[in-house]
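A.B. asks: One structure coming up, written as structure tokens, with questions to follow.
The values are calculated or read from the model by the stated rules, or taken from the named source; none is laboratory data. Note that the structure is a prediction, hence the values are computed from the model and not measured. So basically every Cβ, Gly included, is an ideal-geometry build from the backbone, and we count neighbours across all protein chains shown.
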Amino acid sequence: MTLEIKDLHVEVEGTEIIKGVSLTFHSGKIHALMGPNGSGKSTLANALMGHPKYKITSGKVLLDGKDLTHEKTHLRAKAGLFLSFQYPTEISGVTIGSFLRTAYNTIHEKQLNVVEFHALLKEKMSLLNMDSSFSRRHLNEGLSGGEKKKTEMLQLIVLQPRYALLDETDSGLDVDSIKIVAEGIQQARKLRPAMSLIVITHYNRFLEYLMPDEVSIIQQGKIVAQGSYELAKKIEQRGFT
Ligand code: ADP
Ligand code: MG
């Protein structure tokens with residue numbers, strides 16, 4: 001089972017940002033994607049999820065062989081793709097609980113009513129050390145940077161996608177929260193061992209807890225190096241150059 005990207009080219013507002021990226025993400029594995037600021041990491045993630053601003057001009061995206069290159073975003077989500085945003089959007093008037101239940105019921109066959117979902121949500125929130133009253137807050141409204149990232153991870157743990165792209169989930173989190181979130185992710189993997197994680201990050205601390213199986217480095221829209229976790233450690237010591 002794989003998420004395969006073949007010679008992908010992506011344009012943002014007429015400028016080519018991703019210039020022929022090929023990558024394969026394996027089910028059950030953690031793949032770290034690292035690279036300096038502006039190298040195209042978020043562009044790649046958004047293009048994979050089908051964000052209309054990020055235009056795939058050539059190449060292919062295949063999820064377990066199914067061509068998703070030009071599929072609508074909600075169908076990508078149904079097929080098992082998930083993106084946690086670098087900058088989560090605030091949506092007032094929608095509680096975290098009702099948002100998550102709607103999302104859950106949209107992608108799962110088995111529908112959960114309010115009571116059933118509440119029980120599931122409470123259990124998942126405790127994995128992330130979140131107070132259950134948090135589910136009544138409005139989506140990301142007035143939340144701190146760290147709380148927004150934790151809410152993104154709650155989505156991951158509730159939805160249990162097959163391929164999850166985590167864009168700078170660790171940025172904005174304090175040291176304790178990084179550990180809690182990483183442990184929450186490990187718990188989610190135990191519940192769904194086939195889950196594949198694509199972790200976009202600058203820093204090694206998050207990776208120390210997650211121990212990626214593979215590491216790829218992107219620079220100016222191209223993959224310039226690939227290796228094991230050792231590669232991430234080297235970058236921490238020596239920088240990207
Ligand atoms: P990274 O996530 O690696 O820091 P990005 O993918 O955010 O990099 O950005 C790569 C390049 O694409 C940058 O030069 C950035 O200015 C440009 N870019 C990304 N998103 C947009 C956008 N929505 N509109 C205009 N330019 C964008
Ligand atoms: Mg980014």
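A.B. asks: Among the small types (Gly, Ala, Ser), more than 16 Å from ligand 1 (Cβ to nearest atom), in a loop (DSSP other than H, G, I, E, B) and at pLDDT below 90 - does that describe any residue in the stretch 132-139?
C.D. replies: No, the stretch 132-139 contains no residue that is among the small types (Gly, Ala, Ser), more than 16 Å from ligand 1 (Cβ to nearest atom), in a loop (DSSP other than H, G, I, E, B) and at pLDDT below 90.
A.B. asks: Just for the stretch 161-186: of the residues that are away from ligand 2 (no atom under 16 Å from the Cβ) and among the charged types (D, E, K, R), which one is surrounded by the most Cβ atoms within 10 Å (Cβ to Cβ)?
C.D. replies: Filtering the stretch 161-186 for residues that are away from ligand 2 (no atom under 16 Å from the Cβ) and among the charged types (D, E, K, R), the one surrounded by the most Cβ atoms within 10 Å (Cβ to Cβ) comes out as ARG162.
Yes or no, residue by residue, for (1) farther than 19 Å from THR24 by Cβ; (2) among the aromatic types (Phe, Trp, Tyr); (3) touching an Asp or Glu at 6+ places or on another chain (Cβ under 9 Å); (4) in a helix (DSSP H, G or I):
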position: LYS149; (1), (2), (3), (4): yes, no, yes, yes
position: PRO161; (1), (2), (3), (4): no, no, no, no
position: ALA164; (1), (2), (3), (4): no, no, no, no
position: ILE185; (1), (2), (3), (4): yes, no, no, yes
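A.B. asks: Give, as residue ranges, the helices (runs of 4 or more DSSP H) completely inside the stretch 1-119 that count at least 1 residues that are more than 16 Å from ligand 1 (Cβ to nearest atom) and charged (D, E, K, R). Explain how you work it out, then say what you get.
C.D. replies: Working: elements: 41-49, 73-79, 96-107.
Because the criterion is at least 1 residues that are more than 16 Å from ligand 1 (Cβ to nearest atom) and charged (D, E, K, R), the helices (runs of 4 or more DSSP H) in the stretch 1-119 that meet it are 73-79, 96-107.
A.B. asks: Right, another one. Sort out which residues of the stretch 44-65 are surrounded by 15 or more Cβ atoms within 10 Å (Cβ to Cβ), without any contact (Cβ under 8 Å) to a residue 40 or more places away in the chain and either within 12 Å of ligand 2 (Cβ to nearest atom) or not aliphatic (A, V, I, L, M) (or both), and write them in order of number.
C.D. replies: ASN46, GLY50, HIS51
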